[in-house]
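The values are calculated or read from the model by the stated rules, or taken from the named source; none is laboratory data. Because the structure is a prediction, the values reported are computed rather than measured. FYI the Cβ positions are ideal-geometry reconstructions off the backbone, even for glycines, and counts take in every protein chain you see. SASA here: full protein model, heavy atoms, side chains in, ligands and nucleic acids out. Shrake-Rupley method; radii C 1.70, N 1.55, O 1.52, S 1.80 Å.
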2 protein chains.
Amino acid sequence: MNEELMARDLAHIWHPCTQMKDHEAIPIIPIKRAQGVWLYDFDGNRYIDSISSWWVNLFGHSNPYINEKVHEQLQTLEHVIFAGFTHEQIVRLSERLVALTPEGLERCFYADNGSSAVEVALKMSFHYFKNRGEIRPYFVSLTNSYHGETLGALAVGDVELYKQTYEEILIRTLQTPVPKDRSLEAAMEAAKEFESLLERHAKEVSALIVEPLVQCAGYMHMYHPAFLRELKRICEEHDVHLIADEIAVGFGRTGTLFACEQAGVSPDFMCLSKGLTGGYLPLSVVLTTDEIYGAFYCDYNDFKAFLHSHSYTGNALACAAANATLDIFEQEDIIQKNRIKSQYIAKKLERFKDIDKVSNIRQYGMIAALDIKGYDPKQRIGLRINQECLKREVFIRPLGNVIYFMPPYVISFDEIDMMMDTVYDVLKEL
Amino acid sequence: MNEELMARDLAHIWHPCTQMKDHEAIPIIPIKRAQGVWLYDFDGNRYIDSISSWWVNLFGHSNPYINEKVHEQLQTLEHVIFAGFTHEQIVRLSERLVALTPEGLERCFYADNGSSAVEVALKMSFHYFKNRGEIRPYFVSLTNSYHGETLGALAVGDVELYKQTYEEILIRTLQTPVPKDRSLEAAMEAAKEFESLLERHAKEVSALIVEPLVQCAGYMHMYHPAFLRELKRICEEHDVHLIADEIAVGFGRTGTLFACEQAGVSPDFMCLSKGLTGGYLPLSVVLTTDEIYGAFYCDYNDFKAFLHSHSYTGNALACAAANATLDIFEQEDIIQKNRIKSQYIAKKLERFKDIDKVSNIRQYGMIAALDIKGYDPKQRIGLRINQECLKREVFIRPLGNVIYFMPPYVISFDEIDMMMDTVYDVLKEL
């Protein structure tokens, strides 16, 4: 049955972020159902979803509570246009997001995916300055950054693999170095570079966009929270916006509900998606300040409004999933529970030091990563490890030579053992 | 109860495509539940959703059949990463889309909203030529076009209201005139302009993007199908891609399942969203040809793959809604039923000719529009009409001075009467 669906899939589907020819040798696995951390295929195999289905799932697949809440919503209102109208789920969600995110973030603008949220933040920042009479056409991002795939989001990225092909159709942006390692010194050194960049260009720059603490698609590169604090200070001194892209790192991934908290930083914009709906449905939101909101607030005929829209903005079913997700955070003291799980993961990570080919072991909360050395990228060692782990019921998806764990928070200690021991065994056998 | 939710909404929510200051005078209406074409607020008022909640809803709100199918899916698989994995709903959906769309469209690449689908098509087209060794940095679009809000999608648009603010952060594109009216002559004249543009620029142009038959956000401007036929011929002759943006016009809106059918045209890319899930959930897809797919199909280390992705790509719940929507098309012979409703709408449109201030009455299938003349845009006559109609249980959302009807297909003849008679009365009283 796997085989039949696989053949039908390959006849018509073009998968995201995939060289489709790979699937001449590697099966596409059709998933019949999923429960908790487990994915079940049509041949009766199962796999631990160690990367939360691209970092979105928090409380397990087919979570009974989220299911119930989405089903409830389905019975009253699936969707209504979000211009001129509103609904209870989104009002409640917005109040909660404002209460949970760093101080000063008071306004919620919704979209459907992370890329679109980044585009909203970029456009709002640029438009804010224009409403003030300034043209600031540049955005600054960190080297090795990734913020999505639409052309604006891609332009502020720096991962060559995704960006280079499109250089001729991307707007020009500026890059400033990310700290080379997790030390305080590296943080201060990189901050100095940014400061010097703004000293030269502040008047042309609308915003700096950063992924706080962990550059997830940037091969899980991690840096010291002091870097964020410095960036915030420098942005403030130069009247440049700070956009925190917490799409991947938000909702508890780095150990705090939002990664910015670890630096005590309130950005001017915060982009959220992925975990926002617990892995159920596409939804994203940009939170911003009253000051920024105020720069667009005027008589209609002054034409300063932010006219961005997507048809499904504020989708009621997605908001129901998001509220259910926040309920679970509240009711089950997830951040505290994750702390214990993270410590357990940290202890298990130690063991990987035994393996010669492993280096750069690192962790922030529920993200743990390590590098495999001694292989040329063309050997695609990550893929080999992925295939070997799948045979042993563990799904991981290495980024090049970087192996990482980013499991749903409902993973049990036994399942952590299974996930990490399996990868350990596979690496040991390399 | 309306009032309380409205106040809570305005405290934290920034609505799409809205000057928020308008809501000092105009209420935001909180919707408690919706059924069929009707939206019900918390004070017991109801409104006909004459624009299908931004052109997305086809078979009514809280459609029992779609509800059932989404609920069924919720019980087995809400979402799984769509790289390396697949699921039954999306395999079935892709087969059906390939069968239903014009000949030659064989491959489905999914995303979450219309803007992202447009970005996928633009990137794929550019990347296709790059994989062939050609750099073609320009896209051509029609004057008065609209293709979405992310920076790439916005760059190929031409509606000043949405685009002009951002000109310094948009990539440069080329525009070619849309036919000035619906006549064959206007179509041929505009086609000639495009031909002359490509004679000069074909080697720098990847694709032409058009909204077939109706420029929806472009004030419901309509043109003759011959224009599309000509564009296709010219694109072929110059080896330039044709991208059909059927996000708004697809799924029966113009009278045929896809608008391209009326011109007998197979584009190189077709973008779909909105009606795809019947108005339930954000989902979009780009269909393309085997030839284009083939240009990316190679050994991984040749680095020609299309690495675009969104985390929620291929969301199983959204695909379940999409399959349920296609079921209804099949089981209830919707296109034929709509033909009868469109004729009824056409007859009722005739009556608007009585009104002096009405001009340019036009229709394609389930889209009917007219202009109100004699008002300066600053008077915002559309908004006044919107407010007056809401008092009479009809929700319309004029585009400037353009009034249009784009109701869910389940609208009854009585409801059509109520919707159109109400607007007629309001216009008559102007």
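Some notes on this structure:
- Exactly one residue out of A:H79, A:H61 is in the same structural domain as A:L287 (by TED's automatic domain parsing) and either over 18 Å from A:G275 (Cβ atoms) or touching a helix residue (DSSP H, G or I) at 6+ places or on another chain (Cβ under 9 Å) (or both): that is A:H79.
- Condition met for A:L5 (more than 8 Å from every other protein chain (Cβ to nearest Cβ), touching a helix residue (DSSP H, G or I) at 6+ places or on another chain (Cβ under 8 Å) and among the hydrophobic types (A, V, I, L, M, F, W, C)): no
- Within this structure, B:Y375 fails the test of being within 19 Å of the chain's Cα centre (by Cα), outside the structural domain of B:Y219 (by TED's automatic domain parsing) and of a type in the set (F, W, Y).
- Residues in the range B:406-430 that are in the same structural domain as B:R380 (by TED's automatic domain parsing) and not in a helix (DSSP H, G or I): 7 in all.
- Each residue in the range B:349-370 was checked for being among the basic types (K, R) and open to solvent by less than 40 Å² (accessible area, probe 1.4 Å), and 1 of them qualify.
Residues are listed down the side, and each one gets a yes or a no for (1) open to solvent by less than 10 Å² (accessible area, probe 1.4 Å); (2) of a type outside the set (S, T, Y); (3) within 7 Å of chain A (Cβ to nearest Cβ):
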residue: B:F126; (1), (2), (3): yes, yes, yes
residue: B:K130; (1), (2), (3): no, yes, yes
residue: B:R136; (1), (2), (3): yes, yes, no
residue: B:A153; (1), (2), (3): yes, yes, no
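- Filtered residues of the range B:138-147 (kept if within 10 Å of another protein chain (Cβ to nearest Cβ), more than 16 Å from A:A155 (Cβ to Cβ) and open to solvent by less than 10 Å² (accessible area, probe 1.4 Å)): none
- All positions within the range B:1-42 that are surrounded by 21 or more Cβ atoms within 10 Å (Cβ to Cβ) and part of a helix (DSSP H, G or I): B:L5, B:D9, B:H12
- Selection of the range A:106-118 for residues being at the interface with another protein chain (Cβ under 10 Å from one of its Cβ atoms) and either among the aromatic types (F, W, Y) or out of contact with any His (no Cβ under 8 Å at 6 or more places or on another chain) (or both) yields A:F109, A:Y110.
- Condition check for A:A305: open to solvent by 10 Å² or more (accessible area, probe 1.4 Å) and among the aliphatic types (A, V, I, L, M): yes
- Boolean, A:H71 is under 19 Å from A:G279 (Cβ atoms), assigned to a loop (DSSP other than H, G, I, E, B) and not hydroxyl-bearing (S, T, Y): no
- Test: residue in the range B:325-332 that is open to solvent by less than 10 Å² (accessible area, probe 1.4 Å), within 14 Å of another protein chain (Cβ to nearest Cβ) and under 30 Å from A:G157 (Cα atoms): no
- Some residue of the range A:259-267 being modelled with pLDDT of 95 or more and within 13 Å of chain B (Cβ to nearest Cβ): no
- Identity of the residue in the range B:378-405, hydrophobic (A, V, I, L, M, F, W, C) and part of a helix (DSSP H, G or I), that ends up nearest to the chain's Cα centre (by Cα): B:L383
- Looking across B:L170, B:L184, one residue alone is of a type outside the set (G, A, S), out of contact with any Pro (no Cβ under 7 Å at 6 or more places or on another chain), at negative phi and within 8 Å of chain A (Cβ to nearest Cβ). It is B:L170.
- Single unsatisfied condition, B:D356 versus (1) among the acidic types (D, E); (2) in a helix (DSSP H, G or I); (3) more than 22 Å from the chain's Cα centre (by Cα): (2)
- In the set A:I90, A:I66, only one residue is crowded, with 23+ Cβ neighbours inside 10 Å, at pLDDT 95 or above and under 19 Å from B:N315 (Cα atoms); that residue is A:I66.
- Breaking point among (1) within 20 Å of B:Q19 (Cβ to Cβ); (2) open to solvent by 40 Å² or more (accessible area, probe 1.4 Å), for B:G382: (2)
- Tally, over the range A:43-57, of residues that are facing chain B (nearest Cβ under 8 Å) and open to solvent by 10 Å² or more (accessible area, probe 1.4 Å): 2
- Tally of residues being of a type in the set (S, T, Y) and either open to solvent by 10 Å² or more (accessible area, probe 1.4 Å) or assigned to a loop (DSSP other than H, G, I, E, B) (or both) across the range B:100-114: 1
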